[in-house]
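Chemist: First the structure, which I've put down as structure tokens, then a few questions once you've had a look.
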Amino acid sequence: MVRRMKAAKNQRLFCQCETFGTDMAGKSMLIIADGMWPEQQVFRQLIDQAAYIIACDGAAAQCFENGIEPACIIGDMDSLSSEHQDFFSKQKGTTFVKLTGQNENDLVKAMHWSIENGASSIDICGIEGGDFDHHFAAILALCEVPSNARIHTTQSVIQRIGKDIYINHSIEKNTQFSLFPIGTVEGVFVRGAQWPLSDSTLRSGTQGLHNRSTGEPLEIRCDSGDLLLFLNR
């Protein structure tokens, strides 16, 4: 579980996580990527809800600057400065996991690692800013590593929808959302939307841009393929 403590030297408020192991199974995990974080209100809520915090190695500097002590720093460590490696290596709550494969980026490595360690849910932040191709790759990671992972930005929550039905009972009326297929997606069903769908086939394109909820529960499912849901805050 996440607990808070003050560092005696600089009075910085840290979020320190217990040493992981078998106790990680069934717990919520927050992965922090090496990009811009969402606004403070969104980010602090993610911190408070996470049982374990996983930082991609490039995010270690931002974790340090924002007083966050992750349970794990993961990646090939090429973006981790010696200063921050030295600092976090002295923290009892932080462990380093070095994965050097070049066929996956650090976010995908962190997602695989979280699933292998029994994460019940995965939230991701820190994908904004920088080159757009990095944004796109981070979003496609949701399809590369199928799970219940959700990416949080200042504007929206992004998640993959496959054969498992998505139901949102708490969505407010007129909430804007977009639904994009990755390739060809068949048997698409959308209920509780201004423009519903029933047993539709969607192909990569702009058709799913800017739909709105009606105030009823939002239900989305498909028979095959992957959909990406962008749900505005």
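Chemist: Just want to confirm a number: the relative contact order over the chain, from Cα pairs under 8 angstrom separated by 6+ residues, in percent.
Modeler: Answer for the chain is 18 percent.
Chemist: How tilted is helix 40-49 with respect to the longest principal axis of the chain? Cα atoms for both, answer in degrees (0 to 90, nearest 10).
Modeler: Around 80 degrees separate the two axes.
Chemist: Sort LEU218, LEU46 by Cβ crowding within 10 Å, fewest neighbours at the top.
Modeler: Ascending Cβ contact count within 10 Å gives the list LEU46, LEU218.
Chemist: In degrees from 0 to 90, rounded to the nearest 10, what is the angle of the helix 132-144 Cα long axis to the longest principal axis of the chain?
Modeler: Helix 132-144 sits at roughly 80 degrees to that axis.
Chemist: Please report, for the Cα atoms of the chain, the Rg to one decimal and the Dmax as a whole number; what are they, in angstrom?
Modeler: Final numbers for Rg and Dmax: 18.7, 61 Å.
Chemist: Set the Förster radius R0 to 45 Å, insert the Cβ-Cβ distance between ASP133 and LYS90 as r into 1/(1 + (r/R0)^6), and round the FRET efficiency to 0.05.
Modeler: 0.80
Chemist: Same structure, new question: Using DSSP to call loops (not H, G, I, E or B), can you name the trypsin sites (Lys or Arg not before Pro) in region 159-196 whose Cβ has at most 14 other Cβ atoms within 10 angstrom?
Modeler: Passing sites in region 159-196 are LYS163, LYS173.
Chemist: Just check region 96-162 against the gyration tensor rule for me: Cα atoms, a ≥ b ≥ c as the square roots of the eigenvalues, rounded for a/c under 1.5, and otherwise prolate or oblate depending on whether a/b exceeds b/c.
Modeler: oblate
Chemist: Identify the trypsin sites (Lys or Arg not before Pro) of region 30-122 meeting these criteria: DSSP loop state and at most 12 other C-beta atoms within 10 Å of the C-beta.
Modeler: Taking region 30-122 and a limit of 12 other Cβ atoms within 10 Å, the loop trypsin sites (Lys or Arg not before Pro) found are LYS90, LYS92.
Laboratory data are not the source of any read-out in this text; all were calculated from the coordinates shown. Please read all numbers here as calculations on a predicted model, not as lab measurements. So basically every Cβ, Gly included, is an ideal-geometry build from the backbone, and we count neighbours across all protein chains shown.
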